[in-house]
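**Q** First the structure, then my questions, so here it is.
Just so it is clear, none of the values below were taken in a lab; they were calculated from the coordinates. None of the values given here were measured: they were computed from a predicted structure. Using ideal geometry, Cβ is built from the backbone for each residue, glycine included, and neighbour counts are taken over all protein chains shown.
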Amino acid sequence: MVYYLICEIVVIEWETGYLYPASIFVFYRTKTLVKRLEIGIFEMLILAALAGLLSVPVAVLLVEVIAALKAPKLEPFEVKGLNVDKRVAVIVPAHNESSGLVPTLQDIKAQLGAGDRLLVVADNCTDDTAAVAAASGAEVIVRNDPERIGKGFGMGWGIAHLSRDPPDFVLFVDADCRLQDDLIERLKRVCLHVQRPVQALDIMRSAENSPINHSFAEFAWILRNLIRPLGLRNLRCPVQLMGTGMMFPWNAISSIPLASGHLAEDLNLGLHLAETGQAPYFFPFVSVTSTFPTSAKATESQRQRWVQGHLATIGKFVPRLFSLGLMRGDIHILVLALDLLVPPLSLLALFIVGTMVLTSSVALLGGSWLPALIAGGNFIGFFLCVAVAWSKFGRETFPAHEALSFGSFALKKLQFYGRMLIDGTSSQWIRTDRSTPS
């Protein structure tokens with residue numbers, strides 16, 4: 001019944017575009033179903049369990065946000081000092097990225113020392129990415145395999161190439177990122193000390209004159225890539241990898257299978273490493289920056305890949321990580337499993353509101369209030385998370401007056417998830433359009 005009603009909400013709002021008629025319909029539909037099914041203790045326990053399951057990601061999110069309120073402190077080994085005499089290879093997986101590749105390569109080359117390497121993997125490109133990279137002074141390898149497309153395949157190809165003359169560390173950078181001036185040297189110092197993967201701060205901004213308002217997306221990105229990892233760092237816990245600005249000791253990255261077309265190869269990689277006792281370490285004092293797509297189609301395609309990749313990773317890793325963490329008594333693995341349970345912000349909000357509407361409707365029609373109370377607690381906890389995070393970190397990114405448009409935003413998200421369910425899973429490595437709008 002629960003899934004039946006949620007599907008009705010999504011379909012009706014997607015087809016009609018009206019929130020309140022759909023809600024009224026669901027209320028009366030719930031009343032009919034309550035009378036027809038004569039909901040008893042078992043059904044109420046199911047509703048309570050559904051609301052209770054949502055309490056886990058809400059509680060995890062709340063703990064991470066509160067922990068992030070404390071300003072991060074540099075550890076003694078993180079303080080800038082003498083150069084570390086170790087070789088770094090920077091791998092840039094690139095799929096049709098010739099139009100924006102040069103600034104990224106210039107940022108990297110300016111930070112390379114003697115013996116360091118810059119390797120561009122031109123992966124299944126149909127443009128002149130390889131030629132542009134070579135003209136910019138990068139070492140270039142070309143990979144053409146239309147049957148195996150994905151960033152993970154490109155990363156694995158680069159590691160295989162480096163294995164002939166292994167460096168001490170490997171840094172992965174996306175082809176559309178800009179690097180902070182001293183990023184490579186500082187990541188190298190930290191990676192040498194902790195001897196496990198190190199993740200820099202990964203930030204996304206709206207392009208100048210972008211026709212799309214990315215304010216809420218920027219806030220959600222800050223929550224995912226800054227606030228939550230910062231909270232975990234303050235709690236002395238590991239974090240998830242973010243796909244770019246991530247450095248690895250050679251013995252760690254060379255021992256993990258990379259070649260895959262998974263939509264969330266960064267999450268998979270970090271979790272595989274955590275299973276081997278090398279959970280990623282967060283270093284928020286250096287950053288890589290990129291921009292959101294400038295077209296509605298590219299924006300939706302990118303977000304669909306992120307959401308589908310995250311959900312697939314939850315199903316694949318969470319049971320395994322919990323079992324492994326409990327057997328080993330490894331708190332790092334358990335923390336990463338709990339952190340992974342937090343879905344994308346808008347999806348979590350949709351689940352919470354939908355569950356609250358459903359359980360409240362059943363309670364008002366004569367059912368137990370227990371599921372509604374749990375769902376209401378989830379809503380309050382989620383609202384508190386967002387309010388605290390916004391107050392501390394999001395005021396400039398997401399101005400308060402834009403909250404007035406939340407209704408239309410919520411409707412667009414319902415339509416987005418409805419289309420995602422209908423269209424199925426995307427498995428392509430698609431270049432994201434970030435060209436400057438005219």
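**Q** Over segment 76-330, what relative contact order in percent results from Cα pairs under 8 Å that are six or more residues apart?
**A** Across segment 76-330, relative contact order equals 22 percent.
**Q** Another one. Magnitude of the Cβ-charge dipole of segment 76-330, K/R +1 and D/E -1, about the Cα centre, nearest 20 debye? Don't skip to the end; give the middle numbers.
**A** On the way: 25 positive and 26 negative charges, 167 e Å.
Charge dipole, segment 76-330, about its Cα centre: 800 debye, nearest 20.
**Q** Under the rule a/c < 1.5 gives rounded, and otherwise a/b versus b/c splits prolate from oblate, where does segment 85-166 land using the Cα gyration tensor? Please report the intermediate quantities before stating the final value.
**A** Working: a/c = 2.38, a/b = 1.27, b/c = 1.87.
Oblate shape, in that a/c is at least 1.5 and b/c is the bigger or equal ratio.
**Q** Once you have a ≥ b ≥ c as the square roots of the Cα gyration tensor eigenvalues for segment 110-227, tell me rounded if a/c is under 1.5, and otherwise prolate or oblate according to whether a/b is larger than b/c. Let's see the in-between values first.
**A** Values: a/c = 1.76, a/b = 1.18, b/c = 1.49.
It comes out oblate by the Cα gyration axes.
**Q** Which order do the peptides 112-119, 168-175, 71-78 take when ranked by the mean count of other beta-carbon atoms within 10 Å per residue, highest first?
**A** Values: 112-119: 16.1, 168-175: 24.0, 71-78: 10.9.
Final packing ranking: 168-175, 112-119, 71-78.
**Q** Something else about it: Select from segment 253-349 those GluC sites (Glu not before Pro) which occupy a DSSP coil region and have at most 13 other Cβ atoms within 10 Å, ordered by residue number. The partial results should precede the final answer.
**A** Values: sites: Glu265, Glu275, Glu300; in loops: none.
Counting only loop positions with at most 13 other Cβ atoms within 10 Å, none of the GluC sites (Glu not before Pro) in segment 253-349 qualifies.
**Q** Which shape class, rounded, prolate or oblate, goes with segment 76-330 when its Cα gyration tensor gives a ≥ b ≥ c as root eigenvalues, a/c under 1.5 marks rounded, and past that a/b bigger than b/c marks prolate?
**A** rounded
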